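These notes concern the structure reproduced below.
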Amino acid sequence: MKKILIIGATSAIAEATARIFALRGDNLFLLARDQERLSVIANDLKVRGANDVHTWAYNASGQHDNETFFANAIEQLGGIDILFVAHGILPDQKSCEASVEHTLNAFEINATSVFAILTYFANIFEAQNHGSIAVISSVAGDRGRQSNYVYGAAKGAVSIFLQGLRHRLAKSGVQVLTIKPGFVDTPMTASFSKGALWAKPEQIARLIVRALDRKKSVVYTPWFWGGIMLIIRLVPDWIFHKTRL
Amino acid sequence: MLISGWGQYPDAEAEILNPVSGDALQRNLQDEDAKSFIARGLGRSYGDSSLSSTVISTKYLNRFHSFDDETGILSCDAGVSLDDILDVFVPKGWFPTVTPGTRFVTVGGAIASDVHGKNHHNVGTFCDHVLSFRILIASGEIFNCSPSENRDLFLATCGGMGLTGVILDASIRLQKIESSFIEETTYKAANLKECLELFTEYRSATYSVAWIDCLKQGKELGRSLLMLGNHSEKGGYVDLKKATSSIPFNMPGFCLNKYSVGAFNSLYYGRVRAQIQERHVHYGPYFYPLDGIGNWTRLYGAKGFVQYQFVIPKDAGLEGMTCVLEKISQSGAGSFLSVLKVFGKGNDNLLSFPFEGYTLALDFKVSPRTFELLDQLDVIVHDYGGRIYLTKDARMSDRVFQKGYPEWEAFQSVRERYGAVGIFASLQSKRLGLDVEH
Ligand SMILES: Cc1cc2nc3c(=O)[nH]c(=O)nc-3n(C[C@H](O)[C@H](O)[C@H](O)COP(=O)(O)OP(=O)(O)OC[C@H]3O[C@@H](n4cnc5c(N)ncnc54)[C@H](O)[C@@H]3O)c2cc1C
Ligand SMILES: NC(=O)c1ccc[n+]([C@@H]2O[C@H](COP(=O)([O-])OP(=O)(O)OC[C@H]3O[C@@H](n4cnc5c(N)ncnc54)[C@H](OP(=O)(O)O)[C@@H]3O)[C@@H](O)[C@H]2O)c1
């Protein structure tokens, strides 16, 4: 029975992942903005077999000095084995290009808040010498593209932050997992038309849990995105600039 | 987005709304009050029941609310699938009281079609084990419905093909099981008469279904395999890894001519060597053999297929079935899978399909010849006092519908009372004359 704290627990990917934890009988602590949806999700997870489920409201924009809040959550949970960070927004690239405020707000939710969370939890995990930190980044962070580089820049920053943290915590035996999903059919991407490359949140969830179990460092979900992003990173600018990616 | 039912015929361009909660759904209805809507679960109905220019998907309404392990009563959202219920509850020793032949249906879809399983002769339909549900109607109000509360809306919604409103959540009764396994016994029947006799002889079996070779004629007409099943006490609760093999592309339609179906039939038939075979089999392959093949519908080619399922009264049984089977075998239009079941007594739901008698389900590749044949079958079914299953239908006429479902006017007046006409409408309801074409 693991003790798991999930931030952004109303995300479709996070919820699908929590369902697998629940089937295993884990103890869950869920943080997200919308208390009402959180309590609906908490009930569901209990029926599925979660040993215990707590929920608190948390907002990723604004206050980032949450030390006591997180400390109390860990205390309620009775310790922590896994931290899973899933919140995020997909900002409209065009409106970011027209507005400093939109750009910085998106960066705050997708990157700054994650740094704040990890700064606190890294010390906890380092001190206890065990456990796993898993964060959802994105393939969008692998190379800046005209269609979504504001989102991509934040995800890229998160990936680098995690890479460094993994380096630091290697000697403490703490797993730091960077999750890089490709296209996933969730409320975040409701307005996109979906083709063959799209995955379901349940599929991503299974891959996340497997990567956690196998103590992986970086995982592309599904795996073929590793290949796609390798090619996208290697394409020289003079060709890349001719695409509309 | 272009969507279709399971038969890939017909298809329709639709805007799909994906509300993440009941509140969001209420807002959806208010936003777009000029349009008409139809709910959609996992799209396992075969024809146009869940098609419309605006579709409300229940994919994010998929949470369990509570479970009572004394009574087996589960409360959950309408978008919860049987697949999910099986994954969570089989290990705890519970099983859906009624299940159709695929696990990929939602609770809302199962209520709206009032689905039946291989145990209809013992336990009735899915809705016979629904204690209550909540439904969002056209005005945006939410009604609690049960056999005693708002009974008119309950009877119209169970089997009502989404035409009264959107079911939000429901309480259903699960049955206790001792293991994940089924004791299956198979009998061979040389012809239809023998098959129907075997059904009567083994009516005490929990589950029964017969697979019929539709291409046989004369003395062998109705050659079949009868498969009986009972929940086993042995084997424990085992999760069988879900099969994932799938048919990778649309096979050309000519793969389904008389000869290839004949070959498929002999192969299937040949699987049972002895006159009587007994197997201790996992519930997965027993109840959901087709789920293991992934997108098997592609075997029918890109044009898609239609399923034709009808029921005729018990006393018309042998004669009526013979008449239908003769027509099909003469036509040579192969049905890949033809399944015969015996129904027990029907219920009071206004558009529920089952009543006491025999039901046969057949698949046909979409073609002008198929539609001609089915029109002829409609006449036979009607002459014997039968009806056609709405959740499989893509082509019946309004007249055939009205004859088969004499309660249709009562159904329509409930829809009027709750403001559903013209608001909750599908391509099917328009074809059947329940809503007008715009
Ligand atoms: C392989 C296979 C085997 C099958 N075997 C059987 C069988 O043995 N017995 C049987 O009875 N059926 C059987 N079926 C048919 C299937 O059970 C029904 O079509 C079922 O309704 C599909 O559920 P769904 O969630 O996919 O609904 P959909 O196909 O999405 O919708 C079906 C109908 O339900 C309505 N609906 C869906 N959700 C809601 C809601 N929340 N509120 C109001 N209305 C709603 C839709 O408007 C539509 O009219 C089978 C289908 C397949 C593909
Ligand atoms: N979907 C994809 O294709 C895809 C691809 C790659 C990576 N990702 C990443 O996967 C993660 C999960 O996304 P998803 O696809 O599951 O989408 P989702 O269902 O829309 O989840 C996003 C979650 O972030 C929360 N959130 C947004 N702003 C917040 C804030 N200020 N404070 C707290 N929580 C906030 C949302 O909560 P509310 O409901 O309260 O708004 C929501 O629960 C995200 O980090 C996303 O960037 C997604």
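Within the set of pairs 6 or more residues apart or between chains, which connect a residue that is more than 24 Å from B:Pro147 (Cβ to Cβ) inside the range B:345-362 to a residue that is assigned to a loop (DSSP other than H, G, I, E, B) with Cβ atoms less than 7 Å apart?
B:Leu362/B:Cys214; B:Leu362/B:Ser335
Return a yes/no flag: does the range A:174-194 have any residue that is surrounded by 20 or more Cβ atoms within 10 Å (Cβ to Cβ) and either within 16 Å of ligand 1 (Cβ to nearest atom) or assigned to a helix (DSSP H, G or I) (or both).
There is no residue in the range A:174-194 that is surrounded by 20 or more Cβ atoms within 10 Å (Cβ to Cβ) and either within 16 Å of ligand 1 (Cβ to nearest atom) or assigned to a helix (DSSP H, G or I) (or both).
Does any residue of the range A:15-32 turn out to be touching a helix residue (DSSP H, G or I) at 6+ places or on another chain (Cβ under 8 Å), within 14 Å of another protein chain (Cβ to nearest Cβ), among the aromatic types (Phe, Trp, Tyr) and surrounded by 14 or more Cβ atoms within 10 Å (Cβ to Cβ)?
Of the residues in the range A:15-32, the ones touching a helix residue (DSSP H, G or I) at 6+ places or on another chain (Cβ under 8 Å) are A:15-23, A:27-32.
In the following step, the residues that additionally are within 14 Å of another protein chain (Cβ to nearest Cβ) were identified as A:15-16, A:18-23, A:30, A:32.
Pick out the ones that are also among the aromatic types (Phe, Trp, Tyr) and you get A:21.
Now narrow it down to the ones that are surrounded by 14 or more Cβ atoms within 10 Å (Cβ to Cβ): A:21.
Yes, some residue in the range A:15-32 is touching a helix residue (DSSP H, G or I) at 6+ places or on another chain (Cβ under 8 Å), within 14 Å of another protein chain (Cβ to nearest Cβ), among the aromatic types (Phe, Trp, Tyr) and surrounded by 14 or more Cβ atoms within 10 Å (Cβ to Cβ).
How many of the residues in the range B:20-54 are within 14 Å of chain A (Cβ to nearest Cβ) and modelled with pLDDT of 95 or more?
Number satisfying all stated conditions: 1.
Just one of the numbered conditions (1) under 25 Å from B:Gly22 (Cβ atoms); (2) touching a residue at least 60 places away in the same chain (Cβ under 8 Å); (3) assigned to a strand (DSSP E or B) is not true of A:Trp56; which one?
The one condition A:Trp56 does not meet is (2).
Kindly list the number of the only condition in (1) assigned to a helix (DSSP H, G or I); (2) near ligand 2 (Cβ under 10 Å from one of its atoms) that fails for A:Ile160.
(2) is the only condition that A:Ile160 fails.
Which condition from (1) in a loop (DSSP other than H, G, I, E, B); (2) in contact with a Pro (Cβ under 8 Å, 6 or more places away or on another chain) is the one that B:Ile56 breaks?
Going through the list (1) in a loop (DSSP other than H, G, I, E, B); (2) in contact with a Pro (Cβ under 8 Å, 6 or more places away or on another chain), B:Ile56 breaks only (1).
So in the range A:172-197, with the set limited to residues that are among the hydroxyl-bearing types (Ser, Thr, Tyr) and within 19 Å of A:Leu90 (Cα to Cα), which one is farthest from ligand 2 (Cβ to nearest atom)?
Per the stated criteria, the residue is A:Ser193.
Residues to consider are B:Phe126, B:Phe143, B:Phe154; find the one that is surrounded by fewer than 20 Cβ atoms within 10 Å (Cβ to Cβ) and within 14 Å of ligand 1 (Cβ to nearest atom). Even if it seems obvious, please write down each step before you answer.
Numbers: B:Phe126 fails: surrounded by fewer than 20 Cβ atoms within 10 Å (Cβ to Cβ); B:Phe154 fails: surrounded by fewer than 20 Cβ atoms within 10 Å (Cβ to Cβ).
None of the others qualify; the one that does is B:Phe143.
Determine if the range B:29-45 includes at least one residue that is more than 10 Å from ligand 1 (Cβ to nearest atom), surrounded by 20 or more Cβ atoms within 10 Å (Cβ to Cβ) and over 16 Å from the mean Cα position of the chain (by Cα).
yes
Among A:Ala9, A:Ala22, A:Ala71, A:Ala32, which is within 20 Å of the chain's Cα centre (by Cα), away from ligand 2 (no atom under 16 Å from the Cβ) and of a type in the set (Gly, Ala, Ser)?
Exactly one residue qualifies, and that residue is A:Ala22.
Taking the residues in the range A:133-153 that are touching a residue at least 60 places away in the same chain (Cβ under 8 Å) and buried (at least 21 other Cβ atoms within 10 Å of the Cβ) as candidates, determine which candidate is nearest to A:Leu212 (Cα to Cα). Quick ask: steps written out before the conclusion?
The initial filter retains those residues of the range A:133-153 that are touching a residue at least 60 places away in the same chain (Cβ under 8 Å), namely A:134, A:136, A:139, A:142-143, A:145-147, A:151.
If we keep only those that are buried (at least 21 other Cβ atoms within 10 Å of the Cβ) too, we end up with A:134, A:136, A:142, A:151.
Values: A:Ala134: 8, A:Ile136: 12, A:Asp142: 21, A:Tyr151: 25 Å.
Within the range A:133-153, the match that is nearest to A:Leu212 (Cα to Cα) is A:Ala134.
Looking only at the range B:104-123, decide whether some residue is within 14 Å of chain A (Cβ to nearest Cβ), touching a His at 6+ places or on another chain (Cβ under 9 Å) and either of a type in the set (S, T, N, Q) or not in a helix (DSSP H, G or I) (or both). Steps first, answer last, please.
In the first step, residues of the range B:104-123 are kept if they are within 14 Å of chain A (Cβ to nearest Cβ); the result is B:104, B:107.
Subsequent filtering for residues that are touching a His at 6+ places or on another chain (Cβ under 9 Å) retains none.
Scanning the range B:104-123, I find no residue that is within 14 Å of chain A (Cβ to nearest Cβ), touching a His at 6+ places or on another chain (Cβ under 9 Å) and either of a type in the set (S, T, N, Q) or not in a helix (DSSP H, G or I) (or both), so the answer is no.
Quick test of your reading of the structure: B:Gly385 fulfils all but one of (1) under 22 Å from B:Gly159 (Cα atoms); (2) at pLDDT 95 or above; (3) under 19 Å from the mean Cα position of the chain (by Cα). Name the failing condition by number.
(3)
Can you tell me how many residues within the range B:62-91 are under 21 Å from the mean Cα position of the chain (by Cα) and either more than 9 Å from chain A (Cβ to nearest Cβ) or not acidic (Asp, Glu) (or both)?
Total meeting the criteria: 10.
Which residue pairs have Cβ atoms under 8 Å apart, sit 6 or more places apart or on different chains, and have a first residue in the range A:187-207 that is facing chain B (nearest Cβ under 10 Å) and a second that is aromatic (Phe, Trp, Tyr)?
A:Pro187/B:Tyr60; A:Lys194/A:Phe183
For a quick check of your reading of the model, give me the residue pairs whose first member lies in the range A:113-129 and is at positive phi and outside any helix (DSSP H, G or I), whose second is surrounded by 18 or more Cβ atoms within 10 Å (Cβ to Cβ) and modelled with pLDDT of 95 or more, with beta-carbon atoms closer than 8 Å and at least 6 apart or on different chains.
From the range A:113-129, the pairs are A:Asn129/A:Val174.
Of the numbered conditions (1) within 12 Å of chain B (Cβ to nearest Cβ); (2) under 23 Å from A:Phe121 (Cα atoms); (3) aliphatic (A, V, I, L, M), A:Ile6 satisfies every one except a single condition; which is it?
Just one mismatch for A:Ile6, condition (1).
Return the residues of the range B:109-164 that are farther than 30 Å from B:Leu196 by Cβ and hydroxyl-bearing (Ser, Thr, Tyr); say none if nothing qualifies.
B:Ser132, B:Ser139, B:Ser146, B:Ser148, B:Thr157, B:Thr164, listed by residue number.
Looking at the range B:1-28, which of the residues that are out of contact with any helix residue (DSSP H, G or I) (no Cβ under 8 Å at 6 or more places or on another chain) and part of a loop (DSSP other than H, G, I, E, B) is surrounded by the fewest Cβ atoms within 10 Å (Cβ to Cβ)?
Applying the filter and picking the extreme gives B:Met1.
The values are calculated or read from the model by the stated rules, or taken from the named source; none is laboratory data. Predicted, not measured: the structure shown is a model, and the values here were computed from it. When we count neighbours, we look across all protein chains shown, and the Cβ atoms used for this are built from the backbone with ideal geometry, even at glycine.
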